[in-house]
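Okay, so here's the structure we're looking at.
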Amino acid sequence: GAGVSQSPSNKVTEKGKDVELRCDPISGHTALYWYRQSLGQGLEFLIYFQGNSAPDKSGLPSDRFSAERTGGSVSTLTIQRTQQEDSAVYLCASSLARGQPQHFGDGTRLSIL
Amino acid sequence: AQKVTQAQTEISVVEKEDVTLDCVYETRDTTYYLFWYKQPPSGELVFLIRRNSFDEQNEISGRYSWNFQKSTSSFNFTITASQVVDSAVYFCALSEAGLTGANSKLTFGKGITLSVRP
C-alpha cells in the first residue's frame, strides 16, 4: 500500500513569501504529526492531529506557522512571511493510533533565500 | 519533560564487526514507548522497532537485537555482523502515553551516524 506522501519534495522561495506544504497520510491512519529536521536543532515536533483536531500545537515555533487537516486525511502546513531560519526538512508522519509506530514521508526540503 | 540522549555521535566500523548504539531516556510517565528509527543517506526515516514500558523482553530480529533496561533507563540497539548497507543515522525516540493521555509525539535523540566500511 501507499506510504505517507509529501509535496513538494523541494521548495525554494524568497524570504517573506508564504509557503504551503502538503501531507497525505497512510489511509486509515487517524493520527498525523508534523516534525522539522535541521542541522542545528535535530528532529523537532511541530503539531499533532487526531482526526481533524489539533490537540497539541506546542511545537509550532511562532504564529507564522499554522496547519490544518481536512476530512481526517490530507494536512497542510503553512508558513507565512518565511524567514531564513525556517529552512529545514519538514517531515510528516502518520500512525494508526497514538503509541503506534509513526511512519514518515520523504519530507519537503524548504530553502529560504 | 521527556528527553532522549544518544551520547555517541559518530561510529565507524569495518564490515562484519558488531556495533552497539546506546540510548538513554528520561520520563516521568510510567507508560511510554521507545523506538528506533534509521535514516539512510536517501533521507527517509524508517521505523525499526517499538517497545512499551511494560515489556522488557529483549528481542533479536535477524542481525538486529535490542536491550531494554528500565533500571538504567536504557534502550540499546546492536547490529551483528554489520554490512555497508547499515550505514545510516540511527535515532532513538520516546513517546509518553500515561499521565495526561498525551499525544505520543516523538522526542528524538540527536542521532548516531554509523559508517560501515568494506
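Each residue of the stretch A:51-65 is assigned a 3J(HN,Hα), and the resulting list reads x, 8, 9, 10, x, 9, 10, 5, x, 5, x, 7, 6, 6, 9 Hz, derived from the Karplus form 6.51 cos²θ - 1.76 cosθ + 1.60 (θ = phi - 60°), x at Gly and Pro.
As a rough footprinting exposure proxy, the listed residues B:Leu34, A:Leu96, A:Leu91 were ranked by other beta carbons within 10 Å of their own, and the order from fewest upward is A:Leu96, B:Leu34, A:Leu91.
Using the structure shown, list the pairs from B:Lys16/B:Lys110; A:Lys11/A:Lys57; A:Lys17/B:Lys110; A:Lys57/B:Lys105; A:Lys15/A:Lys57; A:Lys57/B:Lys3 with a Cα-Cα distance above 21 Å, or answer none. Those over the limit are B:Lys16/B:Lys110; A:Lys11/A:Lys57; A:Lys17/B:Lys110; A:Lys15/A:Lys57.
By the count of other C-beta atoms within 10 Å, a proxy for reagent exposure, B:Val84, B:Val46 are ordered fewest to most as B:Val84, B:Val46. Each of B:Phe54, A:Phe65 was scored by other Cβ atoms within 10 Å of its Cβ. Arranged with the fewest first, they read B:Phe54, A:Phe65. Within chain A, the longest run free of exposed loop sites, counting trypsin sites (Lys or Arg not before Pro) that sit outside DSSP helix and strand states (H, G, I, E, B) and have at most 14 other Cβ atoms within 10 Å, spans A:18-56.
In order along the stretch B:78-87, phi translates into HN-Hα couplings of 10, 10, 9, 6, 4, 10, 4, 5, 7, 4 Hz, rounded to whole numbers, per the Karplus curve 6.51 cos²θ - 1.76 cosθ + 1.60 with θ = phi - 60° and x for Gly and Pro. Near B:Thr31, the amide H atoms lying under 5 Å from its own belong to B:Ala97, B:Gly98, B:Leu99; only residues 5 or more places off or on other chains count, and H is placed 1.01 Å from N.
Per residue of peptide A:29-39, the mean number of Cβ atoms on other chains within 10 Å of the residue Cβ is 2.
Taken over the stretch B:7-118, the percentage of Cα pairs per 10 Å bin, counting from 0 up to the bin with the maximum distance, is 14, 46, 30, 9, 1.
Counting only Cβ charges, +1 for Lys and Arg and -1 for Asp and Glu, the dipole size of the protein assembly as shown around its Cα centre is about 300 debye. In plain terms, if you count all Cα to Cα distances in the stretch A:1-61 and split them into 10 Å steps from zero, the share in each step is 18, 44, 33, 4 percent. Relative to the Cα centre, the charge distribution of chain A, modelled as +1 at Lys and Arg Cβ and -1 at Asp and Glu Cβ, gives a dipole magnitude of about 20 debye.
The share of Cα pairs per 10 Å bin across chain A, counted from zero up to the longest distance, runs 16, 51, 29, 5 percent.
Each of B:Thr20, A:Thr76, A:Gly28 was placed along the dipole of the protein assembly as shown (beta-carbon charges, centred on the mean Cα), and the one lying farthest toward the positive end is A:Thr76. For the protein assembly as shown, the spread of Cα coordinates along the three principal axes comes to 49, 42, 34 Å, biggest extent given first.
The phi torsions of the stretch A:16-28, fed into the Karplus equation with coefficients 6.51, -1.76 and 1.60 and a -60° offset, translate into couplings of x, 7, 8, 10, 10, 10, 10, 9, 10, x, 5, 4, x Hz, rounded to whole numbers, with Gly and Pro shown as x.
Find the centroid of the Cα atoms in the stretch A:17-68 and in the stretch A:90-108, then give the distance between the two in whole Å. After rounding, the separation between the Cα centres reads 10 Å.
Placing unit charges on the Cβ atoms only, positive for Lys and Arg and negative for Asp and Glu, gives the stretch A:55-113 a dipole magnitude near 80 debye about its Cα centre.
Here, each number is a calculation from the coordinates, and none is a lab measurement. Model, not experiment: these values are computed from the prediction. Glycine gets a Cβ as well: all are built from the backbone with ideal geometry, and neighbour counts include every protein chain shown.
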